[in-house]
1. Of all residues in region 82-126, which are part of a strand (DSSP E or B) and touching a Ser or Thr at 6+ places or on another chain (Cβ under 6 Å)?
2. Looking only at region 152-162, which residues are exposed (fewer than 15 other Cβ atoms within 10 Å of the Cβ) and either in contact (Cβ under 8 Å) with a residue 40 or more places away in the chain or assigned to a loop (DSSP other than H, G, I, E, B) (or both)?
3. So Met97 passes all but one of these: (1) in contact with a helix residue (DSSP H, G or I) (Cβ under 7 Å, 6 or more places away or on another chain); (2) under 26 Å from Leu166 (Cα atoms); (3) of a type outside the set (Val, Ile, Thr); (4) modelled with pLDDT of 90 or more. Which condition number does it fail?
4. Would you point out which residue out of Ile158, Ile143, Ile150, Ile124 is within 14 Å of Ile78 (Cβ to Cβ) and under 19 Å from the mean Cα position of the chain (by Cα)?
5. I want to confirm something. Restricting to region 55-81 and keeping residues that are in a strand (DSSP E or B) and among the charged types (D, E, K, R), which single residue is surrounded by the most Cβ atoms within 10 Å (Cβ to Cβ)?
6. Looking at region 106-136, which of its residues are over 18 Å from Leu57 (Cβ atoms), modelled with pLDDT under 90 and open to solvent by less than 60 Å² (accessible area, probe 1.4 Å)?
Amino acid sequence: MQDEKTENTDTKEIVKSSKNELAENSAEIDELYKKMDDNSTYLIFSVGKKLYAIKTLFIQEIMHSAKIYPLPFVPEYIEGIVNCRGLPFTVVNTLKMAEEVDEEISGGTVLVFKREDDNFGIHISNIEMFFEPEEQDIKAEGIRYKMNLIPFFDVDSIEERLLEDLQEKEE
């Protein structure tokens, strides 16, 4: 009987200790996520021959060789949808959106954005690199890399155009 009480006490101590460790680990993980949110890592990617930069915190996933399923009755620049972790994401071809018919996007890489309101991504040509610029290299219009200014990719303007065009189709 005494052995059972000792075992129960030991088990309670272990459980209590484990809970404390989990709480400490959880606090450490939360702190890491906060630091990640403050990070200034950028993804530099290409669409056709143009380079763009975007903060990595705005990216949900990079899908290589993504299977894009076409959709009927949508604007030409909407290539279709991809399945990203069980959710459909609209794939936009920004070259077609900008009516740059002399260029093509080679490859099947889709950059899926982390958005609360819409699920969409863009068809890109290539992932060039992940880059952590110095503070003086971050400008309002882009980031400086090897003496070139790489413009920021404007996700909001893509979303606005999608909403505009799809609302017109409904009317």
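The values are calculated or read from the model by the stated rules, or taken from the named source; none is laboratory data. Because the structure is a prediction, the values reported are computed rather than measured. Reconstructed Cβ throughout: ideal geometry from the backbone, glycine too, with neighbour counts over all protein chains shown. The area values use the complete protein model at the heavy-atom level, side chains included, leaving out ligands, DNA and RNA. Shrake-Rupley method; radii C 1.70, N 1.55, O 1.52, S 1.80 Å.
1. Initial filter on region 82-126 (part of a strand (DSSP E or B)): 82-84, 87-92, 109-113, 120-124, 126.
Answer for region 82-126, where residues must be part of a strand (DSSP E or B) and touching a Ser or Thr at 6+ places or on another chain (Cβ under 6 Å): Phe120, Ile122, Ile124, Asn126.
2. Initial filter on region 152-162 (exposed (fewer than 15 other Cβ atoms within 10 Å of the Cβ)): 154, 156-157, 160.
Within region 152-162, Asp154 is the sole residue that qualifies.
3. (4) is the only condition that Met97 fails.
4. None of the other options fit; the residue is Ile158.
5. The initial filter retains those residues of region 55-81 that are in a strand (DSSP E or B), namely 55, 59-63, 69, 78-81.
Add one more test, that the residue is among the charged types (D, E, K, R), and what stays is 55, 61, 79.
Numbers: Lys55: 15, Glu61: 15, Glu79: 21.
Ranking the candidates gives Glu79 first.
6. If the condition is that a residue be over 18 Å from Leu57 (Cβ atoms), modelled with pLDDT under 90 and open to solvent by less than 60 Å² (accessible area, probe 1.4 Å), then Gly107, Gly108 are the ones that fit.
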